[in-house]
Amino acid sequence: MARVKIDLPEKFDFSTDIPIRMSDINAGNHLGATSILPLTSEAKLIFLRHLGFTSLDIYGCAYIMADAAMIFKSQGFYGQTLKIEIAVRDFTKKACDFIYRITNKETGIEIARVKTCTVFFDYKTQKPVDVPAKFRSIFEPRE
C-alpha cells in the first residue's frame, strides 16, 4: 500500500495551542492515533469560533466530516503542548479540506499532519449543501 501524503500549504490560516491530556496517551505511553481526530476537531471549533461561527452555523450551514487522513512524524507525550495550525483549502461545490500541522510547541518538532474533508450539510434535509460563498471567499484569495 502506498503511503499517505499530505502536502502542507505555504501559509496557515490559524493556530491554537492544546495540551496533551493523560486521556490522549495510549498503551505505548505516547499520543495515540485515536486522540488525533478529537484534537483536530477541538482546534477546528476554536478556529470557527474565532471566525464567529459554530459547528452548526457557518452562514446558516452545518458540516460533517467525509474523510480523514493522518501521518505521524514523531511522538507526543503527556504534559507537552501541541501547536495545531489549520489551513482551509481545495474547495469543491459542497466541500473543502482542512489541513492541520501538529507540532510540539516548545521544540517545534512536527508530530503529525492531518487532512479532513468537510462537507457542508443541512441536518433538516439530511443532504449536502453548497459551500457558502462568503465562507469560501475568506480563504480562496490565499490559494
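Bear in mind these aren't lab numbers, they're just calculated from the coordinates by the rules spelled out. Everything numeric in this text was worked out from a predicted model, so none of it was measured. Ideal geometry is used to build each Cβ from the backbone, glycine not excepted, and the neighbour counts take in all protein chains shown.
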Query raised in the report: Of the residues that sit in segment 86-125 and are within 13 Å of A69 (Cβ to Cβ) and basic (K, R), which one is surrounded by the fewest Cβ atoms within 10 Å (Cβ to Cβ)?
Result: R113
Report summary line: In segment 56-85, anything within 26 Å of G32 (Cβ to Cβ), surrounded by fewer than 15 Cβ atoms within 10 Å (Cβ to Cβ) and of a type in the set (D, E) is listed as D67
Query raised in the report: Consider K134 against the criteria (1) touching a residue at least 40 places away in the same chain (Cβ under 8 Å); (2) under 29 Å from D24 (Cα atoms); (3) not acidic (D, E): it satisfies all of them except one. Which criterion is unmet?
Result: (2)
Requested in this report: Please enumerate the residues belonging to segment 107-143 that are closer than 18 Å to V88 by Cα, of a type in the set (D, E, K, R) and assigned to a loop (DSSP other than H, G, I, E, B).
Outcome: D130, E143
Query raised in the report: Which of the residues spanning segment 25-40 are surrounded by 15 or more Cβ atoms within 10 Å (Cβ to Cβ) and either polar (S, T, N, Q) or assigned to a strand (DSSP E or B) (or both)?
Result: I25, L31, S35, T40
Report task. Just name the residue that is surrounded by the most Cβ atoms within 10 Å (Cβ to Cβ) out of those in segment 1-24 that are charged (D, E, K, R) and not in a strand (DSSP E or B). Result -> D24
Query - Selection count where residues are in contact (Cβ under 8 Å) with a residue 60 or more places away in the chain, out of contact with any Lys or Arg (no Cβ under 7 Å at 6 or more places or on another chain) and either among the polar types (S, T, N, Q) or within 23 Å of S137 (Cα to Cα) (or both), scope segment 66-83 - result: 1
